[in-house]
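The numbers here are math on the coordinates, done by the rules we state, and not lab data. Note that the structure is a prediction, hence the values are computed from the model and not measured. Counting neighbours? That spans all protein chains shown, and the Cβs are built from the backbone with ideal geometry, glycine included.
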Amino acid sequence: MSPAKKKTNTEDYLRMYRQMVRIRSFEDNANQLYLSAKMPGLTHMYSGEEAVAVGICEALTDNDRITSTHRGHGHCVAKGAEFKEMFCELLGKEEGYCRGKGGSMHIADQSHGNLGANAIVGGSMGIATGAALTSKYLGRDDVAVCFFGDGATAQGLMYEAMNMAALWKLPVIYACENNGYSEYTKTEEIAAGSIIARAQAFGIEAHQVDGQDVLAVNALAQRLVDRARKGEGPFFIELMTYRYHGHHVGDINREYYRSKEEERDWKENRDPIIRFRSWLVEEGLASEAEIEAINAEVKKDAAEAVEYALNAKYPDPSEVDMHVFTDVKHALA
Amino acid sequence: MRNITLSQAVNEALAEEMRRDETVFILGEDVAEAGTPFKVLSGLVEEFGTDRVIDTPISEPGFMGIAVGAAMTGTRPVVDLMFGDFIFLIMDQLCNQAAKTHYMSGGKLNVPLVVRTNLGATRRSAAQHSQSLHALVAHIPGLKVALPSSAYEAKGLMKTAIRDNNPVVIFEDKLMYNDKAPVPEEEYLIPFGVANIKREGSDITLIATSSMVQVCEAAADILAAEGISAEVIDPRTIVPLDEEALLKSARKTSRVIVVDEGHQSYGITGEIASRINEKAFYHLDAPVLRMGAMDVPVPFTPALEDLTVPTADAVAANARKLVSGEMIHAA
Ligand SMILES: Cc1ncc(C[n+]2csc(CCOP(=O)(O)OP(=O)(O)O)c2C)c(N)n1
Ligand SMILES: [Mg+2]
């Protein structure tokens, strides 16, 4: 089993930067596709939360599993997915990761250990914990990370799964992305008491970290992943973060639940990409020109992938009853 | 008569009942200031306050259970379940608790609550936000199930549901929230168990629920142009079911198609078809056909999703075959 990569050199830092920019760029394009009515359905933007997914996934290998959420594009990119297959999935095309059957809310990337986004809030608590059970059961050292929002802490399943994970010392890390809101409601209105205390009640070691600081997230994740591999898990992390867009792309008028000033403050003063970029330049790890080159390259990649996906084929109608069962080609034939 | 949207109709029904009866309250996710993601409840919290329009955490089994307990002890909760697909999360409290309490207590305890939720595909919402799961609850004795097919039904059935002393689940078609229909200004209720003959006909009966009523009316238009007279009947509630009205129509036309958006297998269509078979067999000139959603999880891509639900063309095509006798030996 390959050990977790060490993040001690410039190359690793620049990859983290690039991955965050890739997520932002993916979301900007997805938003445009929605606004120009080229994307079916609706979607939830990860913009603003990039350091969470990247900080954690950069501590993982392809053998480690993650479970994702309805706000799942960021996790998918951070875990190694390609733009082309992702945009194809968002547009319901045959070459999408799920052949167009899942779409934004169910995007999964088996090749990089992403077990899938989930449209049921808290729906992946059991799945991630089960992946950790497999790891232990089969004597592997890979870990599972369960991403979920602050809102999902209201689901009872979380407590049942955490209890078993703690009893059985499973290599799972619960990563709670606390972006301050679930839909149109502030977290303090839906969560009594402290979030990390919920995990601590089961004897699970829990940490709170600035989710806008990719280095802090990565350092913590690195440590906990290493320990989880040695059987010291489970762990719980609460990552303090913020979503820049509405709850979903159509949630435009949102001043009734959060102020423009608050949004501006997070975007201008705590942006994870701007912060990391300044750090890279200050530390002499990259020049402004090198950073701009990365940005331009990612932008171009994204534009090309969008163009490709727009022109790609839809699945053949005969696929409609395929994949209902593993061993039956056409369930209704 | 004025025309209002289905969404406004539901809103009015709730407001009227809450004004009439102080024990009626709403609980669910983002029901208050946000008025739900579909904005159906907009304005209610302004009138009734947050004690009666209660925002909950994302804890469906929890608030469903709380509603059961509240209903058993003197209130009339209306549980707002954002998507019909989440019914799987509340199944224990709804089916093991609410549905059985009156019976298990020998008639001593009542659970007068309403679960309002939705159904319907083709919104590009993928497999966990597109299901039509009313058959699941209709299967459980003790639960009543209403399926409004327009703003008019949505209002009248909601008011009846709130006054009913049993647990009632109402599934609204989420694609119909902005559809307008004539709704009287003055108060009215629609009794449960009374089907509505949407359109009279003599050659074939199309029994349609919820979203499929529009589909069957469109099919009837297509058929009319070809000289085939189709009767369209909307049962409006499937528990209780107005069996007599359906049988009467079946005996009259001698051909029946049952159309419903739930999965075809083990669903509402099979139940209604077999009742007609059992009780009107000798009046039939053709086997009763079922048309439901395809037995696959709802796919995201429009290229596949549209194939999974019955369409007016598909209903008309089957009707033609039944009327011409083509399918008599085919079923
Ligand atoms: C079981 C369930 N209940 C309700 C919803 C509707 N819903 C979708 S996202 C969401 C809010 C989730 O909030 P949070 O977990 O904090 O994640 P965030 O959107 O903030 O990333 C809700 C209520 C759902 N998808 N699943
Ligand atoms: Mg949140």
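Worth pointing out:
- Across the alpha-carbon atoms of the protein assembly as shown, the computed radius of gyration and Dmax are 26.7, 89 angstrom.
- Using a cutoff of 8 angstrom between alpha carbon atoms and counting only pairs six or more residues apart, the relative contact order for chain B works out to 16 percent.
- Whole-angstrom gap from region B:272-331 to region B:118-140, using each part's C-alpha centre: 19 Å
- Loop-resident sites, region B:1-82, for trypsin sites (Lys or Arg not before Pro), counting at most 15 other Cβ within 10 Å (DSSP): B:Arg2, B:Lys39
- Placing dummy labels 7 Å off each Cα toward the beta-carbon, the span from A:Ala331 to B:Glu16 is 4.1 nm.
- For the protein assembly as shown, the residue among B:Pro184, B:Thr205, B:Ala13 whose Cα projects farthest onto the positive side of the dipole built from Cβ charges is B:Thr205.
- Charges were assigned to the Cβ only: +1 to each Lys and Arg, -1 to each Asp and Glu. The resulting dipole of region B:196-324 about its Cα centre is roughly 380 debye.
- Once the Cβ-Cβ distance of A:Asp301 and B:Glu226 is raised to the sixth power relative to R0 = 56 Å, the FRET efficiency obtained is 0.55.
- Residues whose amide H comes within less than 5 Å of that of B:Val169, counting only those at least five positions distant or on another chain, are B:Val115, B:Lys144, B:Val145, B:Ala146 (H built at 1.01 Å from N in the peptide plane).
- Amide N proximity, region B:33-58 versus B:Thr75 label position 7 Å along Cα-to-Cβ, cut-off under 11 Å: B:51-55
- Tilt relative to chain B, helix B:211-225 - C-alpha long axis, 0 to 90 degrees, to 10: 30 degrees
- The residue among B:Phe48, B:Phe63, B:Leu143 whose Cα reaches farthest toward the positive pole of the charge dipole of region B:32-161, with charges on the beta-carbon of Lys, Arg, Asp and Glu, is B:Leu143.
- Within 10 Å of the Cβ of each residue in B:129-140, the mean number of Cβ atoms contributed by other protein chains is 1.
- Approximating the spin labels as points 7 Å out from Cα along Cα→Cβ, the A:Asp62-to-A:Arg264 distance works out to 4.6 nm.
- Mean residue ellipticity at 222 nm, helices only, chain A: -13500 deg cm²/dmol; runs of at least 4 DSSP H residues each add -39,500 (n - 2.57), and the sum is divided by the number of residues.
- The alpha carbon centroids of region B:224-239 and region A:53-97 are separated by 47 Å.
- Candidates per chymotrypsin sites (Phe, Trp or Tyr not before Pro) in region A:176-265, loop by DSSP, up to 14 other Cβ within 10 Å: A:Tyr256
- Reachable aspartates and glutamates, given that their alpha-carbon falls under 17 Å from the alpha-carbon of A:Lys299 and they are not under 8 places away in the same chain: A:Glu27, A:Asp28, A:Glu50, A:Glu82, A:Glu85, A:Glu288, A:Glu290, A:Glu307
- Mean projected area in nm² (Cα convex hull; one quarter of hull surface) for chain B: 16.7 nm²
- Working from Cα pairs under 8 Å separated by at least six residues, relative contact order for chain A is 22 percent.
- Applying D = kT/(6 pi eta Rh) to region A:151-280, where Rh is the Kirkwood radius over alpha-carbon pairs, T corresponds to 10 °C and eta to 1.306 mPa s, the Stokes-Einstein value obtained is 98 µm²/s.
- Loop-located chymotrypsin sites (Phe, Trp or Tyr not before Pro) in region B:142-229 (DSSP state other than H, G, I, E, B) with a sparse environment of at most 16 neighbouring Cβ atoms within 10 Å: B:Tyr188.
- Cα point-scatterer Debye curve for region A:3-320, base-10 log of I(q)/I(0) at q = 0.08, 0.11, 0.16 Å⁻¹: -0.34, -0.66, -1.40
- With a simple spin-label model that places each label point 7 Å from the Cα along the Cα-to-Cβ direction, the separation between B:Asp295 and B:Glu278 comes to 2.1 nm.
- Members of A:Lys38/B:Lys174; A:Lys79/A:Lys267; A:Lys313/B:Lys39; A:Lys260/B:Lys174; B:Lys100/B:Lys252 lying beyond 26 Å, as alpha-carbon distances in this model show: A:Lys313/B:Lys39; A:Lys260/B:Lys174; B:Lys100/B:Lys252
- Put the Cα centre of region A:262-287 next to the Cα centre of region A:195-244 and the gap is 22 Å.
- Within the straight-line cut-off of under 18 Å between alpha carbons, the lysines reachable from A:Lys329 are A:Lys101, sequence neighbours fewer than 8 places apart in one chain being disregarded.
- The convex hull defined by the C-alpha atoms of region B:2-183 has an orientation-averaged projected area of 9.5 nm².
- Percent of Cα-Cα distances greater than 24 Å, calculated over region A:11-142: 26 percent
- Within chain A, longest stretch free of exposed GluC sites (Glu not before Pro) [DSSP loop, at most 11 other beta carbons within 10 Å]: A:1-254
- Size of region B:177-331 from its Cα atoms: along the principal axes, largest to smallest, the extents are 49, 40, 33 Å.
- Chain B: antiparallel DSSP beta bridges as a percent of all, rounded to 5: 20 percent
- Furthest towards positive pole of dipole, A:Leu332, A:Trp168, A:Cys76, structure part chain A, Cβ charges: A:Trp168
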